[in-house]
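K.L.:
There's a structure below that I have some questions on.
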Amino acid sequence: MKDHSSGTEKAVALIKNSPTEEILTEERLIEYLDGGIKLNHYIGFEISGMVHIGTGLLSMGKVTDLQKAGANTSLFLADYHSVINNKLGGDIDSIRNIALGYFKEGLQQSIKCAGGDPERTKIVLASDFYKEAGREYLEDVIKVAKSISMGRAKRSVTILGRKSGDDISLAQLLYVPMQVADIYGQNINLPHAGMDQRKAHVVALEASKSFAYAPVALHHHLLMGISMTEEQRRQVLEARMHNDKEKLENSIIDVKMSKSKPASAIFVHDSEDEISKKINKALCPAKEVEVNPIIDITRYIIAPILAKRGKDMEIDNAKTGATKTFSSMSALEEAYVKGEVHPLDLKNMVKDSLISILEPARKHFSSGAGLKHLNELKELMITR
């Protein structure tokens, strides 16, 4: 990137690095940075269950990068969105209680695990923001709603974790206009989410003509669920091969790690034994690095966090006792494809790494207020 300051180059590199998959657009990002415009970031979350490593380590790892890039970072606890999508029974009081207890703490502990500073990231409860914004927020929702067709709104339901064609409520059609209004109402110029939220951000960019500025949308990789089956893997590979976008989108919804699907996820508070058992059961096809949940965790969580700590990945051969050291993910993947790294040995490295990385969160939720808030969520999930 010639003709840009070293500060801009450093910030762009931090924002672009893994797990980022897309920036809409990098040109606007550079324009903002070169112009001295402060980056105001947010990432929003439904309150729908426990914090897993995709939400925690992957998403919050990106937040730590943005902190280092000089952005004002914020986490949006989307309580009303959770009601619309009928999460945790759709009870607003229960959702708010979990949002400001377990979920807030889970995200903050995850930032710590990923090497960031929780104190540098603002926490915003959606309903508090709406109360403060008042009529202006409603006007923003109407602006956005007028900019999209009914068909477009229906096609965008995939951002709710629904498949295209699913039966939805009228309230769920409000979800995208509300999400876009969340961005403009908070003066966010760097909205951030997983690739599953891309449709909402594209609407935000298209609606920018009704607002005073256009944001830069940042999208990160979606972590694969550890409960993926061979058949689900085949469907993803087939959709990729045929470039079938709708089938691929729906198949990714099926296989992504989700807090609403406990069997698919490793949670940030899981015990050492729980982490080990879950990794042991996970699909990890030998010599295959694409659509491989264990490779996915290694590529997007283990490798980046260890690199930030200045550590290499060390994989012990259970049979010979020999240790292979990898300083990059590409080197590990090359060895794995050649059969030089056995799936069980890779799993052992991933287990040990996750247990170490998640230690602060595990300790927090094992006693005191952390344990109390975790138990409140568990009790609510049982009753729902």
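K.L.:
What single numbered condition from (1) touching a residue at least 60 places away in the same chain (Cβ under 8 Å); (2) within 29 Å of K378 (Cα to Cα); (3) within 15 Å of the chain's Cα centre (by Cα) fails to hold for S271?
P.N.:
With (1) touching a residue at least 60 places away in the same chain (Cβ under 8 Å); (2) within 29 Å of K378 (Cα to Cα); (3) within 15 Å of the chain's Cα centre (by Cα) applied to S271, the lone miss is (3).
K.L.:
Suppose we filter I297, I301, I266 for residues that are over 30 Å from E26 (Cβ atoms), crowded, with 17+ Cβ neighbours inside 10 Å and modelled with pLDDT of 95 or more; which single one remains?
P.N.:
Residue meeting the stated conditions: I266.
K.L.:
Helices (runs of 4 or more DSSP H) wholly in the range 67-183 with at least 3 residues that are of a type in the set (F, W, Y) and at positive phi - which ones?
P.N.:
In the range 67-183, no matching helices (runs of 4 or more DSSP H) lie anywhere.
K.L.:
Could you tell me which residue of the range 104-113 is surrounded by the fewest Cβ atoms within 10 Å (Cβ to Cβ), considering only residues that are touching a residue at least 60 places away in the same chain (Cβ under 8 Å) and under 21 Å from E379 (Cα atoms)?
P.N.:
Among those residues, the one meeting the criterion is E105.
K.L.:
Working carefully through the options A318, A303, A263, find the one that is small (G, A, S), more than 16 Å from G56 (Cα to Cα) and under 20 Å from the mean Cα position of the chain (by Cα).
P.N.:
Exactly one residue qualifies, and that residue is A263.
K.L.:
May I pose another question? Mind checking whether some residue in the range 220-236 is at pLDDT 95 or above and either on the phi > 0 side of the Ramachandran plot or of a type in the set (S, T, Y) (or both)?
P.N.:
No, the conditions are met nowhere in the range 220-236.
K.L.:
So is D34 charged (D, E, K, R) and buried (at least 24 other Cβ atoms within 10 Å of the Cβ) or not?
P.N.:
Against the criterion (charged (D, E, K, R) and buried (at least 24 other Cβ atoms within 10 Å of the Cβ)), D34 does not qualify.
K.L.:
Right, another one. Would you mention how many residues in the range 1-34 are within 23 Å of M60 (Cβ to Cβ) and part of a loop (DSSP other than H, G, I, E, B)?
P.N.:
Qualifying residue count, the range 1-34: 3.
K.L.:
Among the candidates K378, K347, K319, single out the residue that is charged (D, E, K, R) and closer than 24 Å to R234 by Cα.
P.N.:
Result of the check over K378, K347, K319: K347.
K.L.:
Of all residues in the range 47-66 being assigned to a loop (DSSP other than H, G, I, E, B) and among the small types (G, A, S), which is surrounded by the most Cβ atoms within 10 Å (Cβ to Cβ)?
P.N.:
G49
K.L.:
Would the range 114-134 turn up any residue that is closer than 21 Å to T383 by Cβ, assigned by TED's automatic domain parsing to the domain that holds N189 and buried (at least 17 other Cβ atoms within 10 Å of the Cβ)?
P.N.:
No; the residues of the range 114-134 include none that is closer than 21 Å to T383 by Cβ, assigned by TED's automatic domain parsing to the domain that holds N189 and buried (at least 17 other Cβ atoms within 10 Å of the Cβ).
K.L.:
Just for the range 222-251: of the residues that are among the hydrophobic types (A, V, I, L, M, F, W, C) and within 14 Å of the chain's Cα centre (by Cα), which one is surrounded by the most Cβ atoms within 10 Å (Cβ to Cβ)?
P.N.:
The qualifying residue surrounded by the most Cβ atoms within 10 Å (Cβ to Cβ) is L223.
The values are calculated or read from the model by the stated rules, or taken from the named source; none is laboratory data. The structure presented is a predicted model; accordingly, all values stated were derived computationally and were not measured. We place every Cβ from the backbone using ideal geometry, glycine too, and count neighbours over all the protein chains shown.
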